Amino acid sequence: MNIFQQFFKSIYSPQTVAKFRNQGIGKTILYVFVLMLISVSVSAIQLGTGISNTVNNFQVALKTDIPDFELKNSVLTSELEEPLFITIDGEQFIFDTTGSLTIRDIEQNYTHVLALLETEAVFITEGITESFRYREFGNLNFTKEQVEEITSSVINLLPLIIAVVVLILYFFLTAMKFIGVFFLSFIALLIRKKLDLILPYKKVWILSAYAVTLPTIFFAITDALYIFIPFSFTLYWVVAIIMIYLIFKEISTIHEDNEPEQL
């Protein structure tokens, strides 16, 4: 059975997953990478599209809506007396040199926005916040015209930038998934003991890797559709634990019936 067949079976068939326990650890590790590639793909496309639209619309805002400004000694200054809020094609931008807005203010009111504040920049996409202080890049000094030139250069490099961001996201989430499988395998050891099942840790880890398929794909779909699920973290672990329990029950049945193990 190839990895993609295993993927579909792992979504709904604990009985089939129970048969994967005798396969090599290398194939299981590869499966986790493929699982995360599938689950992250839609989010990666949305993230890439969001970054592209934001940067392009920011270029428009610079030319048409944002007044002259200067970034001097890593502090953004202009003649504005209050924050400027701009919306272009559904993209939201905030320009505030007054110091009246904070990251917390922005996070509480926006899930997708680019904000240039007095001492830092904030980018929120799909509720994920990224921020940096201008001084982290040294003693910056820019005018509006220079920022426009930089933005044009960034647009030319967008495909490369997006690819790097997506790769970083993929490897980070994959690493987190391996950690999750590791913790699930320890919970699975307790279930194994309760069921009086003889199964080495290697096989427990392999089965745990397949047990996370259903909750991983479920939440990947809900995230892609912007569906909010209350207590999602708890629900993820409940589903994963139920799956590993059902898988172990299938193995117990095989042992009780004295059936040979299958790959």
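What follows is calculated from the coordinates using simple rules that are stated; it is not laboratory data. Only a predicted model underlies this, so the values are computations on that prediction, with no experimental measurement involved. Ideal geometry is used to build each Cβ from the backbone, glycine not excepted, and the neighbour counts take in all protein chains shown.
Computed from phi, the 3J(HN,Hα) profile of the stretch 105-115 under the Karplus parametrisation 6.51, -1.76, 1.60 (θ = phi - 60°) reads 4, 6, 4, 6, 10, 9, 10, 8, 6, 10, 10 Hz, with x in place of Gly and Pro. Tell me, rounded to the nearest percent, the portion of alpha carbon pairs in the stretch 115-220 spaced more than 22 Å apart. In whole percent, the long-distance tail amounts to 57. Between residue 233 and residue 190, residue separation times 0.36 nm minus the direct Cα-Cα distance comes to 13.4 nm. Of the cross-linked pairs 27/193; 9/193; 177/249; 27/194; 193/249, those separated by over 21 Å at the C-alpha level are 27/193; 9/193; 177/249; 27/194. With a/c under 1.5 counting as rounded, go ahead and sort the stretch 48-157 into rounded, prolate or oblate using the C-alpha gyration tensor (a ≥ b ≥ c being the square roots of the eigenvalues; past the cut-off, prolate if a/b is larger than b/c, else oblate). The shape class here is rounded.
Once the C-beta distance of residue 112 and residue 29 is scaled by a Förster radius of 30 Å, the resulting FRET efficiency is 0.30 to the nearest 0.05. Evaluating 6.51 cos²θ - 1.76 cosθ + 1.60 at θ = phi - 60° for every residue in the stretch 31-37, the Karplus couplings come out as 4, 4, 5, 5, 4, 6, 4 Hz, glycine and proline recorded as x. The label-point distance for residue 178 and residue 22, in a model that sets each label 7 Å from Cα toward Cβ, rounds to 2.8 nm. For the chain, adding -39500 (n - 2.57) for each run of n ≥ 4 DSSP H residues and dividing by the number of residues yields -20500 deg cm²/dmol at 222 nm. Projecting label points 7 angstrom from Cα along Cα→Cβ for residue 253 and residue 87 puts them 5.5 nm apart.
3J(HN,Hα) couplings calculated from phi for the stretch 198-215 with the Karplus curve 6.51 cos²θ - 1.76 cosθ + 1.60 (θ = phi - 60°) are, in sequence order, 8, 8, x, 4, 3, 6, 4, 5, 4, 5, 5, 4, 7, 5, 7, 4, 4, x Hz; Gly and Pro show x.
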